[in-house]
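The values are calculated or read from the model by the stated rules, or taken from the named source; none is laboratory data. All values derive from a computational prediction rather than experimental measurement. Cβ: placed from backbone, ideal geometry, glycine included. Neighbour counts: every protein chain shown. Ligands, DNA and RNA are stripped out before the accessible areas are found, and what is left, the full protein with its side chains, is counted by its heavy atoms. Shrake-Rupley method; radii C 1.70, N 1.55, O 1.52, S 1.80 Å.
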Amino acid sequence: MLWITADEALARLGTKPQTLYANVSRGRIRAKPDPADPRRSLYRASDVQRLAERHAGRRQAAAVAAEAIRWGDPVLPTAISTISDGKLFYRGHDAIELAGHATLEKVAALLWNSQDIRVETGEHRTGEASRMANALAVLAARVMNDLPALGRTPSVLQAEAVSVLSTVAAGLAPWNGEPVSLHQRLALGWQRPEAADPIRRALVLAAEHELAVSAFAARVTASSGAALSAATLSGLATLTGPRHGGAWLSVTRLAEQAVSVGVREAIRGALSSEGLVRAFGHRLYPQGDPRAKALLASFEVPPLYRFLAEAGEELLGEPANIDFALAALAATFGLPEDSPLVIFALARTPGWLAHAMEQVDSGQLIRPRARYAGIPPDDAL
């Protein structure tokens, strides 16, 4: 059973209704209207079970720490972004509203507490390598030459952040013409000028997302005192994983399958084989990913993707997420196959740099302890 009633949720949790509603508002339990009675809500059974297990008995410090790492309580302070009541904010500014007019460069300046920035033009190519491979290579080439981030003033680090962003842009959005904004570099480089504004919105909407795994990787690296380029490289490498920036691949495969067997059967097949469909839902947005809604509203969604979104919400009870929206954007404008990942990577670079600089400023080393679960030391002798 995927969804349960309030009474069933309260029975499993052993809490008051106010606590249940608070967990929903904080994104810990997903909820949706009851189709049989819109005045009532249904609650995601897996989320309720997770919290029930977490609160069973008195938790030890090790259990608390382990739970915090897995979508649990906040583990470190940040002033960069937050998700509150189903909305995403960049330093107090609604990201959806920013997407209506801002560029990625403007958002970078906001995230860095900086003045307007100017990203240098240029390109970096390594034979027939992909744009992602180029960006990874050029960042890696900088790491051993750039200065450590520790002991340097915020203004100096902000200037270096512009340089690092320019380096990433040279790999992901190569451009040697007259200076244009990053979204225009992508659109013109792909010979799709009509896609410029939706790409701009996508870049803004994906620029930062609190403590996503790539941002955490960047912070861990920065906490060691490594260069900003090293922290960015950590974030970029982490982004390539199928559970993060690589989730768009499952969306395109779902669309391909839908062409063959129909949208409903494609969703059923993915759910049966993988246990989830990555194109839908987000644990931090119980009522739906606002970034996806805003991006999908900025262009005419192809019928296939529109039908997939409708069927997904009907069958799974979850609206389409940002990964779905990026794949739909690529399909609409005929962008290259890896364009969702390229857009995501370029967008998130300012966020990684913001986290790296904030971590350096904190002066703290991120070094949790491991809970040993192997052979007892005495038995290994």
At 222 nm, what value in deg cm²/dmol follows for the chain if DSSP H runs of at least 4 each add -39500 (n - 2.57) and the sum is divided by all its residues, to the nearest 500? -16500 deg cm²/dmol
How big, on average over all directions, is the shadow cast by the Cα convex hull of segment 300-381, in nm²? 11.3
List, largest first, the extents of the alpha carbons of segment 193-264 along their principal axes, each in whole Å. 52, 28, 19
Applying the Karplus parametrisation 6.51 cos²θ - 1.76 cosθ + 1.60 with θ = phi - 60° to the phi angles of segment 95-102, what ³J(HN,Hα) value in whole Hz is obtained for each residue in order, glycine and proline being reported as x? 5, 5, 5, 4, 5, x, 8, 7
I need the phi-derived Karplus couplings for segment 134-147: 6.51 cos²θ - 1.76 cosθ + 1.60, θ = phi - 60°, integer Hz, Gly and Pro marked x. 4, 5, 4, 5, 6, 5, 4, 5, 7, 3, 7, 9, 6, 6
Taking 194-204, 281-291, 358-368 and ranking on average Cβ neighbours within 10 Å, highest first, one gets 194-204, 281-291, 358-368
In whole percent, and with a 1.4 Å probe on the protein chains, what portion of the accessible area of the chain is carbon and sulfur? 53
Could you give the distance between the Cα centres of segment 316-356 and segment 222-271, to the whole Å? 9
In range of the label at ALA141: residues from segment 84-122 whose backbone nitrogen is under 14 Å from the point 7 Å along Cα→Cβ: 122
Karplus couplings for segment 242-259 from phi (6.51 cos²θ - 1.76 cosθ + 1.60, θ = phi - 60°), rounded to Hz, Gly and Pro as x? x, 8, 10, x, x, 5, 4, 4, 5, 5, 5, 5, 4, 5, 5, 5, 5, 4
If the convex hull of the alpha-carbon atoms of segment 237-381 is projected onto planes in all directions, what is the mean projected area in square nanometres? 13.2
Check cross-link reach from LYS106 to the aspartates and glutamates: straight Cα distance under 16 Å, and skip same-chain residues fewer than eight apart. ASP94, GLU97, ASP116, GLU120, ASP197, GLU208
The answer for the per residue Cα convex hull volume of segment 163-212, in Å³, is 90
Out of all Cα-Cα pairs in segment 287-327, roughly what percent, to the nearest whole number, are more than 15 Å apart? 33
Ranked from highest to lowest mean number of other Cβ atoms within 10 Å per residue, what is the order of the peptides 332-345, 213-226, 76-89? 213-226, 332-345, 76-89
What is the spin-label model distance, in nm, from LEU284 to ALA79 if the labels are put 7 Å beyond Cα along the C-beta direction? 2.0
Candidate lysines for bridging to LYS32, where Cα separation is under 27 Å - those fewer than 8 sequence places away on the same chain excluded: LYS16, LYS87, LYS293
